[in-house]
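Visitor: Structure incoming, see below.
Bear in mind that the values in this text are calculations on the coordinates, not laboratory data. Here the structure is a predicted model, which means the values were calculated and not measured. Here Cβ is always computed from backbone atoms with ideal geometry, including for glycine, and neighbour counts include all displayed protein chains.
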Amino acid sequence: MAARTRDLLELLRAVRAHLAGLHAPELARFLDEWPRWPCAAAPPRRRSDRPLPALRFLPGTLARTRALDRRLAAALARAVPDLVWRRTYSRAQVGARFLENYAWTEFVGPAGPVRCQRLSGGLLLLGPEVHYPGHRHPAEEIYVPLAGTAEWQRGCEPWTARPPGTAVRHESGAIHAMRTASEPLLALYLWRGHGLDCSARLVPAGAGSR
Ligand SMILES: [Fe+2]
């Protein structure tokens, strides 16, 4: 087995072990969809020549993840260099500063490096003092912060601080937003249900307050 494949599969095992250890009822259906072993991992992809600016927060957030879960942090550190980091939105939509402080990567999913048709999952990275505006998507979602305590909002509900190790669920189509304060955020995300191939879409300000 190639080293990259071995690292990806160990990452999947470490993430699953971390999530199972949270004993959060809302995670049960996501864990039921977890890829069965042995699952397929895609061949290596060519890495991007220019890392996204938000990746400057990765070393610090991984170091803080180590205090939460040493096995998961080690698996992330080994697998992350081969993951492809992306941004969903354009500068016209969210502005230059947001784009410099935002990146995500998928490690499992229909088109991910580990293939799964029923579940997708990856990492979200946000810099400090960032407001990720309200957005929605068809898939049901769970976020689990690994490093950094951000505030999360669903619809018109109050903003709520969510420390590492808590599960934040958004049902299909729910409008949700996040904002960081002085510390960057590294969080796991999981999607299940329909629309795994549909990107998140921003919603106009105030749309969640109806
Ligand atoms: Fe989301």
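Visitor: About the Cα centre of the stretch 96-144, how large is the charge dipole given +1 on each Lys and Arg Cβ and -1 on each Asp and Glu Cβ? Please answer in debye to the nearest 20. Kindly include the intermediate steps, with their values, before the conclusion.
Guide: Values: 4 positive and 5 negative charges, 34 e Å.
In debye, rounded to 20, the stretch 96-144 gives about 160.
Visitor: Once label points are set 7 Å from the Cα along Cα→Cβ at both Leu55 and His131, what is their separation, rounded to one decimal in nm?
Guide: Once both label points are built, they end up 3.0 nm from each other.
Visitor: While we're on this one: Select from Arg91, Arg71, Arg179 the residue whose mean-square fluctuation is largest in a Gaussian network model of the chain (Cα-Cα springs shorter than 10 Å).
Guide: Arg91
Visitor: May I pose another question? Calculate the spin-label point distance for Arg6 paired with Thr149, positioning each point 7 Å from the Cα along the beta-carbon direction, and give it in nanometres.
Guide: That separation, rounded to one decimal, is 4.0 nm.
Visitor: In deg cm²/dmol, rounded to 500, what helix-only [θ] at 222 nm does the chain give when every DSSP H run of at least 4 residues adds -39500 (n - 2.57) and the total is split over its residues? Walk me through the numbers before you get to the answer.
Guide: Numbers: 6 runs with 54 residues, N = 210.
It lands at -7500 deg cm²/dmol.
Visitor: A further question on this structure: How many times 2.2 N^0.38 Å is the alpha carbon radius of gyration of the stretch 91-155? Each step should come with its number before you reach the end.
Guide: Working: Rg = 13.4 Å, N = 65, 2.2 N^0.38 = 10.7 Å.
Rounded to two decimals, the normalised Rg is 1.25.
Visitor: Please list, short to long, the whole-number percent of alpha-carbon pairs of the chain in consecutive 5 angstrom bins beginning at zero.
Guide: Binned Cα distances yield the sequence 1, 7, 16, 20, 22, 19, 10, 4, 1, 0, 0.
Visitor: Using 0.36 nm per residue of separation minus the Cα-Cα distance, give me the extension gain between Arg70 and Glu26 in nm, one decimal.
Guide: Details: separation 44, 0.36 × 44 = 15.84 nm, distance 2.38 nm.
Length gained between Arg70 and Glu26: 13.5 nm.
Visitor: May I ask you to derive the relative contact order of the chain, considering only C-alpha pairs under 8 Å and at least 6 residues apart, and to give it as an integer percent? Can you show the working numbers first?
Guide: On the way: 427 pairs, mean separation 45.9, N = 210.
Reported as a whole number, the value is 22 percent.
Visitor: Against the empirical 2.2 N^0.38 Å scaling, what ratio does the C-alpha Rg of the stretch 55-110 come to? Intermediate values should be presented prior to the final figure.
Guide: Working: Rg = 13.4 Å, N = 56, 2.2 N^0.38 = 10.2 Å.
The stretch 55-110 yields a ratio of 1.31.
Visitor: Using Cα-only point scatterers and the Debye equation, what is log10 of I(q)/I(0) for the stretch 6-104 at each q in 0.18, 0.20 Å⁻¹, rounded to two decimals?
Guide: -1.06, -1.17
Visitor: Where the centre of each part is set by its Cα atoms, how far does the stretch 1-42 sit from the stretch 86-132, in angstrom?
Guide: Answer, in whole Å: 19.
Visitor: Still on this structure, please answer the following. Starting from the 7 Å offset along Cα-to-Cβ, what nm value, one decimal, do you get for the label separation of Ser182 and Ala92?
Guide: So the two model labels end up 3.9 nm from each other.
Visitor: I need the P(r) histogram for the stretch 108-195: all alpha carbon pairs, bin width 5 Å from 0 out to the longest distance, whole percents.
Guide: Final binned percentages: 3, 15, 24, 25, 18, 11, 4, 0.
Visitor: Only four residue types carry charge here, +1 at the Cβ of Lys and Arg and -1 at the Cβ of Asp and Glu. Report the dipole size of the stretch 23-141 about the Cα centre in Debye, rounded to the nearest 20.
Guide: Details: 19 positive and 11 negative charges, 92 e Å.
Here the stretch 23-141 has a charge dipole of around 440 debye.
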